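Below is one structure, written out as structure tokens; comments come after it.
The values are calculated or read from the model by the stated rules, or taken from the named source; none is laboratory data. Since the structure is predicted, the reported quantities are computational estimates derived from the model, not experimental observations. For neighbour counting, all protein chains shown are included, and Cβ atoms are generated from backbone atoms with ideal geometry for every residue, glycine included.
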Amino acid sequence: MKDRKQAAIQRLARLEGQVRGVARMIEEDRYCIDILNQSLAIRSALSQVEILILQDHADDCVDNAILSQDPDVQRRKFKELVEVFEKVCR
């Protein structure tokens, strides 16, 4: 999990730079398609960060809920996952 956390932080730092770069591209009136391509790259990179966080959640929080053998805790964690997937599918 420590590795995923570090990877997420590194990706977010890169994303921060990409976002600043897109803002600069807009300020400089760069070609629209180039700006859109960079925006799509940012969206893809952010999705990868979300996957890392979701993997951590599954490996830690969900796993602990399963091991707890507490049906209420298990249902809560399962509901959280369903809600996240609902948001992704919108």
Any pair with Cβ under 8 angstrom, 6 or more apart, that starts in region 36-62 at a residue that is free of Cβ contacts under 8 Å to residues at least 24 places away in the same chain and in a helix (DSSP H, G or I) and ends at one that is basic (Lys, Arg) and surrounded by 15 or more Cβ atoms within 10 Å (Cβ to Cβ): 61/77; 62/77
For residue 69: the one exception among (1) surrounded by 13 or more Cβ atoms within 10 Å (Cβ to Cβ); (2) polar (S, T, N, Q); (3) over 26 Å from residue 3 (Cβ atoms): (1)
Residues (surrounded by 13 or more Cβ atoms within 10 Å (Cβ to Cβ) and within 27 Å of residue 7 (Cα to Cα)) located in region 72-88: 77, 78, 80, 81, 84
Which numbered condition residue 81 fails, given (1) assigned to a helix (DSSP H, G or I); (2) on the phi > 0 side of the Ramachandran plot: (2)
Failed condition for residue 19, given (1) closer than 24 Å to residue 85 by Cβ; (2) modelled with pLDDT of 95 or more; (3) of a type outside the set (Lys, Arg): (1)
Residues of region 41-52 classified as more than 11 Å from the chain's Cα centre (by Cα) and loosely packed, with under 10 Cβ neighbours inside 10 Å, total: 0
Any hit, region 1-19, residues being touching a residue at least 24 places away in the same chain (Cβ under 8 Å), loosely packed, with under 12 Cβ neighbours inside 10 Å and not in a helix (DSSP H, G or I): yes
